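Working notes for the structure below.
Every number in this text was worked out from the coordinates using simple rules, so none of it is lab data. Nothing here was measured: the structure is a model prediction, and the numbers come from that model. Neighbour counts run over all protein chains shown; Cβ positions are idealised from the backbone, glycine included.
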Amino acid sequence: MGKQRLSVAMCTYNCAEYLKEQLDSIALQTRPPDELVICDDRSFDATVEIIKFFKAKAAFPVRFTINEQNLGTTKNFEKAVSLCTGDIIVLSDQDDVWHPEKLMLIEAKMSSLPYAGVVFTDADVVDECLRPMGYRLWEAKRFSPAEQKKVSQGRAFEVLLKHNVVTGATMAFRAKYRELFLPIPASWLHDAWIALIIAAYAELAIIRKPLIKYRQHLNQQLGANKKGFFQQIAMSQQTGPNTYFAQIDRFMAAQRLLTENYSAPCKKEVLSKLEAKMRHLLVRGSISKQKMRHGLIAIIKELATLRYHRYSYGWKSAARDLYAFLFLFHGSPPSER
């Protein structure tokens, strides 16, 4: 395999405070990108000026576009990805800092595993001043060693049906899969959608070494804050049946894409697992409407078929559903995962 061209796709919006550090870390890569594509979502701080200054002195092409209207994160990344011309597209957030060897190691991993469609890495979680917070990204996302082993064994689709473990800021993928997942549904986050759809056709590869400083600050859309037991309980109390039905709608969008793409049919076992995931969500969302006996039987059946373990968090999720069901049955507020 010849040398692969690397495109970096970055989206920006009002992040002047941290943007220069991220751009500088890209410029300091031991393997520089072949192009940096930046789509700005109509920032009104100094973001645009910082990008223009960087573009003027960058040692590689910087293709900069300002959107005509605000697109939001998912659609802005969709646009940036569509504008990339490289063989491998590396996603970049606007507020992190890359380790110097990130692109070099991603390129090496892709070259050594031609069957891999996506590669993603761990990250050092840091605060707004880049001080370590004492844990890594995979730990915060509960991406366990057992799940890492599954991904390495070519079973990434199973892991992603349970929960998304691929963070866009650590992610790269082969551009040839782009036509399979574009456009990205508005109900999905771009990284979760890209990873799931490519995993239906190709393997995912991991780099266990943290290759970015994943910055946590008040203005970011999503983060990697490590949640304690009581925080998880508090979050579970905000999860009701509609949450599960919304997830079903999201996975139905993936099902439609995978079944209607006649030019690139995926394996039947992929569709079977996707269908099982949606059945599991339907059961969890419907438990509160069941009579006592039927609700208990539904929970026991999901445990017996191991769908709680495959598609949720095992006994923890079952216990939360049981607790919620019993309180709902007696007229108390819900407390579901």
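Brief remarks on what is shown
- Considering only alpha-carbon pairs that sit under 8 angstrom and 6 or more positions apart, the relative contact order computed for the chain is 17 percent.
- Peptides 301-311, 50-60, 84-94 ranked from most to least packed by the mean count of surrounding Cβ atoms within 10 Å: 84-94, 301-311, 50-60.
- Of all the options 127, 41, 191, the one that moves most in a Gaussian network model of the chain with Cα springs shorter than 10 angstrom is 127.
- Gain on full stretching of the segment that runs from residue 31 to residue 209 - 0.36 nm per residue minus C-alpha separation: 62.4 nm
- For the chain, the spread of Cα positions along each principal axis, largest first, Å: 69, 43, 38
- Fewest-first ordering of 179, 147 by other beta carbons within 10 Å of each residue's beta carbon gives 179, 147.
- DSSP H segments from the chain that extend 24 Å or more along their own axis, Cα-based, with Kyte-Doolittle mean of -1.0 or above: 241-260, 268-286
- Extension reserve of the residue 256-residue 5 stretch, reckoned as 0.36 nm per residue once the Cα distance is removed: 87.2 nm
- Rg over Rh for the range 229-329 works out to 1.03, using Cα positions for both radii and the Kirkwood form for Rh.
- Residue pairs, from the table 109/162; 162/316; 162/268; 109/176; 3/75; 75/277, whose Cα atoms sit over 22 Å apart: 109/162; 3/75; 75/277
- Projected label distance in nm at residue 70 and residue 135, using a 7 Å step from Cα toward the beta-carbon: 3.1
- Anchor residue 20: lysines whose Cα lies under 18 Å away (excluding residues fewer than 8 positions away in-chain): 52, 55, 57, 102, 213
- Highest-first packing order for the peptide set 292-299, 273-280, 74-81 is 74-81, 273-280, 292-299, based on the mean count of other beta carbon atoms within 10 Å.
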